[in-house]
Amino acid sequence: MDDEDVGELLRRALAGDQAAWDRLVARFNGALWFRTLRAGLSREAAEDVIQITWLRLLEHGRSIRDPDALPGWLMTTLSREIQRGQRKPQPQAELNDLDLPDNESPGPEALTLARESDRLLWEAVDQLPEQCRQLLTLLTDDPPASYKQISIALSMPIGTIGWARRRCLDELRRRLKDMGF
C-alpha cells in the first residue's frame with residue numbers, strides 16, 4: 001500500500017472510490033489513534049474526534065494543494081478537533097456524577113495513582129522509536145489491527161511483526177523499569 005501514491009488515493013477516494021478511501025483510512029488511522037491517546041482522550045472521545053477528522057477530509061479534501069501533505073493535514077485537523085472538544089463545557093449530568101461518587105468509585109488516592117501510572121506509561125511510550133510506537137498503537141487498537149493491516153501500514157513483512165512486537169514490549173518494559181514503574 002505504501003507504494004500507492006497518496007495523491008492518487010485521495011483523488012480516487014474523493015471521487016467516490018470506496019477501496020481508495022479504505023486504503024487511506026488503513027494507512028493513517030493508526031497514527032490518528034495514537035495522537036488521540038497521547039492527548040488523553042477517552043475511547044469514545046477519540047472515536048468522535050477521529051470520525052470528525054475523516055469527515056473534514058471528505059468536506060475539504062479537494063482544497064489540499066499538495067496531496068503529499070495529507071498526513072500533516074490530517075494531524076493538524078485532528079489536533080484542532082481535539083482542542084475544540086476540550087473547550088466544550090462538560091454536560092451537567094457528568095458534573096453531577098463526578099460530585100456524587102458512589103461507594104464503589106475509586107477514591108482520590110487511587111485516581112491519583114492511576115493518573116501517575118498512565119503518565120509514566122505514556123512518557124515511556126514517547127521514548128520508544130517511532131516504529132515501535134506505531135506498532136504498539138496498532139496492536140492495542142480496539143479491535144486490534146490484523147497483522148496484514150499492520151504489515152501494510154508499517155511496510156513490515158508479516159513474519160517480522162511478532163518479533164518486532166516482542167522487541168518493542170521488551171524495550172517498553174526496560175524503560176518503565178528504569179523509571180521505577
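The values are calculated or read from the model by the stated rules, or taken from the named source; none is laboratory data. Keep in mind that what you see is a predicted model, and the values were worked out from it rather than measured. Reconstructed Cβ throughout: ideal geometry from the backbone, glycine too, with neighbour counts over all protein chains shown.
Checked against the criterion of being surrounded by fewer than 17 Cβ atoms within 10 Å (Cβ to Cβ) and either at pLDDT below 80 or in contact with a Lys or Arg (Cβ under 7 Å, 6 or more places away or on another chain) (or both), the candidates D68, D17, D48, D22 yield just one match: D68.
Could you tell me which of the residues R43, R27 is surrounded by fewer than 13 Cβ atoms within 10 Å (Cβ to Cβ), within 30 Å of E123 (Cβ to Cβ) and not small (G, A, S)?
Every option except R43 fails the conditions.
The residues of the stretch 9-19 that are within 22 Å of M75 (Cα to Cα) and either touching a residue at least 12 places away in the same chain (Cβ under 8 Å) or not in a helix (DSSP H, G or I) (or both), listed by number, are L9, L10, R11, A13, L14. Meeting the requirement of 1 or more residues that are surrounded by 10 or more Cβ atoms within 10 Å (Cβ to Cβ) and modelled with pLDDT under 75, the helices (runs of 4 or more DSSP H) wholly within the stretch 84-181 are 92-99, 108-127.
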